[in-house]
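Written below as structure tokens is the structure these notes are about.
The values are calculated or read from the model by the stated rules, or taken from the named source; none is laboratory data. Source: prediction; values computed, not measured. Here Cβ is always computed from backbone atoms with ideal geometry, including for glycine, and neighbour counts include all displayed protein chains.
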Amino acid sequence: MKNNDRNGSNGDALHPTARQADLSAPTGSLRINGISSIAPSSLSAKRVKELISGASRTRILVIGDVMLDEFIWGSVRRISPEAPVPVVQLERESFMPGGAANVARNLAALKVSTELFSIIGKDLAGNKLKRILSEANVGSEGCICSDSRSTTVKTRIIAHQQQVVRLDRDCVGDVGSKAVSRLIRRLEMSIGSADALVVGDYGKGVVTQPLLDALKEMCRAHGVWLSVDPKPAHVLDLSGVCLLTPNRKEAFELAGVSDTSRCADPLEDGELMMVAERLLATISPTILLITLGEHGMLLFEKGKNSVHIPTVAQQVFDVSGAGDTVIATLTAAIAAGGSPVEAAILANYAAGVVVGKVGTATTTPQELLKSMPGSDLRFAAFRGIRSIDDVALANSSRSANASIRYKQHLSPQI
């Protein structure tokens, strides 16, 4: 999938060419006075298989804060006589990669060739994390072991499929310029054969401004797609990245705006739309995807219609790591040649699968295909510039939960 002739465009932005990601309007769309009017097209089972197959031929690098997720499973039969708390009878333990490591695991579950870069401790947790990554077919040669840091561990105690409490053993702080330089050198040896790079910032100290600046430069030089999952509390210059995937809270924090009101219809949420426009103007990503929990997600591209994709989750047990699944699946679909709308729809279904599982989870190609409607996803044509229209999926059994709406949103002066 790698094309070394790719060049960035739009000045200093990292926006790749359409070879890597179809950033034009969907097939059959019309351009009316600069407005996209979506004509009938489909994301059929065949197209989903094409995207999954294409993703399996890509190579994606992941860099960021990693952690070990520990799960203690048990049952509750009584309340402690010492305090009004449940007594959990231990039944089993399990461990999963967390943070950027979970992004990498999600990519590998989709059969994407994946390499992880990070800083971990020289400790038992770090060794266990690398072993689990190896079992998940994630390359971890890019993970640097440090004497001065411990591996972050998050322990969740779960009884009867419900989380009782979480214990965090965090290692937070700047990793130091020498460690950053080592990471950059390792990335430089791998970036040339990569189709995309995902940055997972969880505020633990691995992702720094010098590192991010180096990543932007490398991706620009090699025509590599750059996706970022931001941590607004950790202030960074995110300008010019290809994909930004904040949740609602993070989007408002990035824009420096207080979230004072919510609307049941995201496309009628004036504050949310204003925040999106501000991020498009100030950070200027190729794609801005704001995840909205039970309200689905909103997809934005500068100068194009905003797209609301309602959630398709049938049941929600645990939202841990759902954002990791979204950025992994969307990036994989883009690297495979999918359009932003196609990639977002696929990511939405992947998230719907993982929230139906307990703990940080992944979805396989088989699970993803099974979650899709039995018939094609259809888009209808709309010409109204200011109207909101609903488009039901062809499968009537899911149309109430999986309509996709388009609305032209005029950019205010920011």
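The lone criterion from (1) β-branched (Val, Ile, Thr); (2) within 23 Å of the chain's Cα centre (by Cα); (3) not in a strand (DSSP E or B) left unmet by Val199 is number (3). Set side by side, the residues Ala281, Ala322, Ala347 differ, and just one is closer than 25 Å to Arg57 by Cα and touching a residue at least 40 places away in the same chain (Cβ under 8 Å), which is Ala347. Leu254 satisfies every condition listed in (1) surrounded by fewer than 18 Cβ atoms within 10 Å (Cβ to Cβ); (2) part of a helix (DSSP H, G or I); (3) under 20 Å from the mean Cα position of the chain (by Cα); (4) not polar (S, T, N, Q) except (1).
Residue-by-condition table, conditions (1) modelled with pLDDT of 95 or more; (2) within 26 Å of Trp73 (Cα to Cα):
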{"position": "Ala108", "(1), (2)": "yes, yes"}
{"position": "Lys111", "(1), (2)": "yes, no"}
{"position": "Glu115", "(1), (2)": "yes, no"}
{"position": "Glu135", "(1), (2)": "yes, yes"}
{"position": "Ser148", "(1), (2)": "no, no"}
{"position": "Ser181", "(1), (2)": "no, no"}
{"position": "Gly205", "(1), (2)": "no, no"}
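Annotation for segment 262-272: no member residue is within 22 Å of Ile327 (Cβ to Cβ) and either at pLDDT 95 or above or of a type in the set (D, E, K, R) (or both). Residue-level check: of (1) part of a strand (DSSP E or B); (2) under 20 Å from Asn106 (Cα atoms), Ile327 misses just (1).
For the condition free of Cβ contacts under 8 Å to residues at least 40 places away in the same chain and surrounded by fewer than 24 Cβ atoms within 10 Å (Cβ to Cβ), what is the one hit in Ile79, Ile72? Within the list Ile79, Ile72, the selection yields Ile79. Taking the listed residues Leu292, Leu280, Leu330, the one that is crowded, with 24+ Cβ neighbours inside 10 Å and among the aliphatic types (A, V, I, L, M) is Leu330, with no other qualifying.
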